[in-house]
1. Picking from A:Ser119, A:Ser233, A:Ser57, which is most flexible by a Gaussian network model of chain A using Cα springs under 10 Å?
2. For the range A:61-107 and the range B:184-203, compute the distance between their C-alpha centroids and round to whole Å.
3. For chain A, give me the percentage of DSSP beta bridges that are antiparallel, rounded to the nearest 5 percent.
4. Rounded, prolate or oblate: which fits the range A:33-163 when a ≥ b ≥ c are the square roots of the eigenvalues of the alpha-carbon gyration tensor, with rounded for a/c under 1.5 and prolate only if a/b beats b/c?
5. Students often get this wrong, so check it: of B:Lys93/B:Lys236; B:Lys79/B:Lys110; A:Lys178/B:Lys179, which have C-alpha atoms separated by over 18 Å?
6. Go through the cysteines of chain A and tell me which have no other cysteine Cβ under 4.7 Å away.
7. Setting aside same-chain residues fewer than 8 positions from B:Lys319, which lysines have a Cα under 16 Å from its Cα?
8. I need the phi-derived Karplus couplings for the range B:51-57: 6.51 cos²θ - 1.76 cosθ + 1.60, θ = phi - 60°, integer Hz, Gly and Pro marked x.
Amino acid sequence: MFQKADASGLAQVRHVVLVLSGKGGVGKSTITTELALALRHAGKKVGILDVDLCGPSIPRMLSVGRPDVHQCDSGWVPVYTDAQKSLALMSIGFLMEDPDEAVVWRGPKKTALIAQFVSDVAWGELDVLLVDTPPGTSDEHLAVLENLKKHRVDGAVLVTTPQAVSTGDVRREITFCKKTGVRILGIIENMSGFVCPHCSECSNIFSRGGGEELAKLTGSEFLGSVPLDPQLSRCIEEGEDFTQLFSESTTFSAISSISQTLLSSLQTA
Amino acid sequence: MRQNVSFFKKVKFMWTYMCKTLESIRGFVCCNCPGTTSEQAGKSASCQGCPNQKLCASGATKAPDPAIAEIGAKLATVKHKILVLSGKGGVGKSTFSAHLAHALASDNTKEVALLDVDICGPSIPRIMGLEGEQVHQSGSGWSPVYVDDNLAVMSIGFLLSSPDDAVIWRGPKKNGIIKQFLRDVDWGELDYLIVDTPPGTSDEHLSIVQYLSSTHVDGAIIITTPQEVSLQDVRKEIRFCHKVKLPIIGVVENMSGFVCPKCKTTSQIFPPTSGGAEQMCADLNLPLLGKVPLDPRIAQSCDEGKSFLSEVPDSPAAKVYQNIVQSIQDYCSNSLTEEQSTTLKH
């Protein structure tokens, strides 16, 4: 069960980016989904690996329901969100008979399943594989890194909200990256202010400025901020493509800008 | 003896539950685990390759962890134990736990303690204004850190020397520290022990339930936000509670709407697309304890380590909190009365 995984499923994946936090509920899955959609919007082939075994959110966000997962000669076939196969997804959410059943596993079992996820999914040709992770610095994170060692991990983006309670945990995640040799591609600040749709007053519901301060403190690049946007929340809820429906919005500009910066960073590395 | 049998049943049940969960995952061969306490534990063909094989074969898993009984004895002086759970991260578990502790401790005659078992992301020290504090050891164990005379806190945050220190531990090590928190901290006599947990249904949750199995736990408060993305994880947590027979005191819906301070219009930033906690509670026959609105001053208070309930006592959010706390106090008083009458019957 703990044999070194053969990462051949990743042979044609050009770039692998981890989406980390340390803090729960900052929007890792939302940011992963939106970055994937923005990159696809920009003509890239993208994959998402959802290793949040206890709370797999991505299937709902991409409105893929509960499809059957099939095997081919090269391994598990990921689920494609479109006929053009421009966005591939593998999540434990696909494997549960009952969506309300809890995955109550201790570390070793989670580690074993993640090994299979990483090694046995036939991703095919991808420009970017985004790996969505649960909060923390534990079994799942170590398992992902151990099993990706044979393939290159370009680095990680770290998601935070502006408050100190959030950046406090993300600082620890930065230490995790440094200790495990993962390059920090940058910090994204989510839920960065709310503009009232009625009177345009901006309220800093989750404080302000924490993301940029954290980037300065840790010498990391600040990739950008994404505001609190009820339309984004609604798209995530309903599994709709925010990048198509609200491509004129400031929120989309922010996400698009972040994805472009990320892409440049990956291509120049 | 009765306690040991009960413990065996719980461990066997939890292991079987984990295996059945694995069975329900399509495409993965079930481990066909014979059970950690069975005669075949570690010896059967299906044990090959299991990380616990050696441990089971040694017979160690058949013996109850002595710490469970020790914790039972240690916490005999704690009247009420409340777990704060979610399933989803970032819904406000730590915020709620901290303010519940403050509210309960506002009665000077009550002794309250808050235990933070979020090993990787310990937020409680900051929220309680105790950053930089360290834990001390005495003859009677570890001393928790006191916010007030009647409000004690314990967190791994107090054992870290720098705010940048990461706790990169796998499950077994996390379980070990949780055991120590329960067994080795000198809690003293408490009216309430509140346990703040990380998101998920994993090592920390299994361990806290396992180590508290020889004590009476009043129940769990489930925290959610209105969106389905939260509720889908919260339903799993509720299933977990049912499976491990942990009573649910009720559900709190956080971030329930935002009133613009300028124009006073309400926006649903996290929309209840599937009916929010209200619908979920109706479907699952659970009490909805309250809906706390978004208020920027809550995040600010948490960042500054102050109690929002003291800083802005007249805000709509504070009033909802106070009502929720009252419901919890009433529940605990009733559960104490039931336990007392059950004891009297025997």
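Here, each number is a calculation from the coordinates, and none is a lab measurement. Only a predicted model underlies this, so the values are computations on that prediction, with no experimental measurement involved. Every residue, glycine as well, gets a Cβ built from its backbone with ideal geometry; the counts of neighbours run over all protein chains shown.
1. A:Ser233
2. 35 Å
3. Values: 6 of 36 bridges.
Looking only at bridges with both residues in chain A, the antiparallel portion is about 15 percent.
4. On the way: a/c = 1.26, a/b = 1.12, b/c = 1.12.
Rounded shape, in that the Cα axes give a/c under 1.5.
5. Values: B:Lys93/B:Lys236 16 Å; B:Lys79/B:Lys110 11 Å; A:Lys178/B:Lys179 29 Å.
Exceeds cut-off: A:Lys178/B:Lys179.
6. When partners are defined as cysteine Cβ atoms under 4.7 Å apart, chain A leaves A:Cys54, A:Cys72, A:Cys177, A:Cys202, A:Cys235 without one.
7. B:Lys291
8. With the stated coefficients, the range B:51-57 comes to x, 9, 3, 4, 4, 5, 5 Hz.
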